[in-house]
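First up is the structure itself, then whatever we jot down about it.
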Amino acid sequence: MTPIPDNVEGAFLISIIDFILSFVIISGIGVILAILPVVNRYWAIDEKDLKGGH
Amino acid sequence: MLDQLISLFVALFEQTGLAHLYWGNFAMIGVGSAMIYLAVAKKCEPFLLIGIGFACIVVNIPGSDLAAPGGLFDYAYKGVSLLIVPPLIFLGVGAITDFGPMIANPRLVILGAGAHLGIFVALILAKVLGFTLPEAGAIGIIGGADGPMAIFVTMKLAPHLLPPISVAAYSYMALMPIIQPPIMRLLTTKAERNIQMAQLRKVSRLERIIFPVVIAIIVNLFFPPVAPLVTMLMLGNLFREVLLVGRLADTAGGTLLNLVTIVLTVAIGSTMSAKTFLSMQTVEIVCLGLVAFVFGTASGVITAKIMNLFLKTKINPLIGSAGIASVPIAARVSHIVANKENPKLFLIYHAMGPNLAGVFGTAISGGILLALLGVK
């Protein structure tokens with residue numbers, strides 16, 4: 001990997017890449033969260049059973 | 001005889017701290033006292049400011065060796081600098097945090113990235129001021145408003161800057177109720193501040209249990225540099241959500257969290273010795289930290305306003321500033337500002353979504369920063 005230059009241009013470059021990638025990745029987490037309710041179709045956990053201990 | 005007596009008293013005086021006091025000590029004792037004042041009189045995050053302020057006062061009394069190598073406070077600092085305390089803080093935070101609001105409204109996670117513009121503004125300004133790129137990255141992460149993450153990234157990028165960065169991060173987190181509201185009001189209209197948000201759906205136990213496991217896998221897979229923190233956060237949350245190990249969740253989120261908070265605050269305060277702390281560099285870092293918080297708050301609110309352009313069901317832009325992280329302080333600020341505007345508004349649960357996403361936003365930004373700078 002080409003090292004990022006240690007100057008103001010490098011700071012701009014790293015900031016732009018980081019800011020954009022942060023949006024992309026956090027959107028990915030958002031997508032995962034959006035499809036998370038699908039699991040409820042296949043399995044349900046009895047909370048009373050869990051609260052009863054092991 | 002008289003000469004001997006005088007020289008004896010002078011020798012005695014020289015051994016007291018009084019002989020070595022200088023203006024810097026008085027200034028820092030003033031700073032520590034101000035922190036305790038804010039905690040007690042203004043109720044500004046007393047859990048953080050009392051320990052930091054008290055340790056700051058003590059280490060600025062010459063003669064006290066508490067922060068010297070081998071001193072009690074030095075061991076507390078070692079716990080922080082060896083990166084033992086920050087993951088334990090995250091374990092405790094995970095055990096007391098309900099991620100339900102974030103799971104229930106996935107759209108709002110965008111605010112967790114949107115409110116982090118401050119990181120990059122501070123990073124670029126730090127570089128302009130002459131800091132190296134790793135130093136600038138560590139300073140920028142103050143804008144993530146996440147104390148343990150700021151410490152973690154700083155120890156990887158610029159460990160010598162840990163004292164001013166940790167002090168700036170925690171001080172501004174404690175001062176968020178003062179810093180954020182004017183910016184939030186400035187960037188929103190009265191009508192926007194009055195937007196009522198719909199009730200969130202109920203999140204099932206299964207989703208709550210799967211969530212920390214999935215996030216831990218993703219973070220370890222894509223962001224190994226910051227995995228220790230997020231992994232511990234998710235472990236603590238799993239303890240909480242499985243309901244089966246209440247004792248572990250209670251310990252992690254109660255006794256353990258209280259203990260590591262004491263160690264952390266004392267360790268941070270102990271770095272505020274006038275001799276090392278009072279420098280132009282510290283002033284620059286403290287100013288850049290404030291810039292980061294201001295821009296982070298503003299960008300969060302603006303991101304929420306941009307989202308409203310595309311959403312059918314509008315969101316109250318005041319929750320945007322909560323995306324800066326600093327759980328749950330920023331969410332509480334969103335709620336209080338809205339509640340003052342309209343006592344019928346109850347935004348805390350809605351603001352917790354972006355607030356929790358902000359933790360991941362900071363971790364992601366920090367992870368990318370470390371990866372781009374080639375730090376493992």
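Where a number appears in this text, it was derived from the coordinates with a stated rule and is not lab data. Being a predicted model, the structure only gives us computed values, none of them experimental. Counting neighbours? That spans all protein chains shown, and the Cβs are built from the backbone with ideal geometry, glycine included.
Laid out as a table, the results:
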| read-out | value |
| --- | --- |
| Backbone HN-Hα couplings from phi across the stretch A:5-21 [Karplus 6.51/-1.76/1.60, Hz, Gly and Pro as x] | x, 7, 8, 4, 4, x, 5, 5, 4, 4, 5, 5, 4, 4, 5, 5, 4 |
| Shielding by partners - mean other protein chain Cβ count within 10 Å, residues of A:31-39 | 6 |
| Spatially proximal aspartates and glutamates relative to B:Lys156 (Cα-Cα < 19 Å; intrachain offsets below 8 disregarded) | A:Asp6, A:Asp18, B:Glu135, B:Asp146 |
| Karplus 3J(HN,Hα) series, Hz, for the stretch B:6-12 with 6.51 cos²θ - 1.76 cosθ + 1.60 (x for Gly, Pro) | 4, 5, 5, 5, 4, 4, 5 |
| Nearest 10 degrees, 0 to 90: helix B:147-157 Cα axis against chain B principal axis | 70 |
| Which of B:Phe211, B:Phe13, B:Phe310 has the fewest Cβ neighbours within 10 Å, and the rest in rising order | B:Phe310, B:Phe13, B:Phe211 |
| Per residue Cα convex hull volume in Å³ - calculated over the stretch B:84-128 | 86 |
| Most to least packed among B:284-294, B:317-327 [average Cβ atoms within 10 Å] | B:317-327, B:284-294 |
| Helical contribution to [θ] at 222 nm, DSSP H n ≥ 4, -39,500 (n - 2.57), averaged over chain A, rounded to 500 | -20500 deg cm²/dmol |
| Per-residue average of Cβ from other chains inside 10 Å of B:301-312 | 0 |
| Stokes-Einstein translational diffusion, the protein assembly as shown - Kirkwood Rh over all Cα pairs, 1.567 mPa s, 4 °C, in µm²/s | 58 |
| Relative contact order of chain B, pairs being alpha-carbon contacts under 8 Å that are 6 or more residues apart, as % | 29 |
| Net charge of neighbours whose Cβ lies under 12 Å from the Cβ of B:Arg107, counting Lys and Arg as +1 and Asp and Glu as -1 | +2 |
| Cα-based Rg of chain B normalised by 2.2 N^0.38 Å, two decimals | 1.05 |
| The protein assembly as shown - charge dipole about Cα centre, Lys and Arg +1 at Cβ, Asp and Glu -1, debye rounded to 20 | 1620 |
| For peptides A:39-46, B:143-150, B:268-275, sequence by mean Cβ density within 10 Å, most packed first | B:143-150, B:268-275, A:39-46 |
| Sorted by Cβ neighbour density within 10 Å, fewest at the top, the residues B:His20, B:His335, B:His350 | B:His20, B:His335, B:His350 |
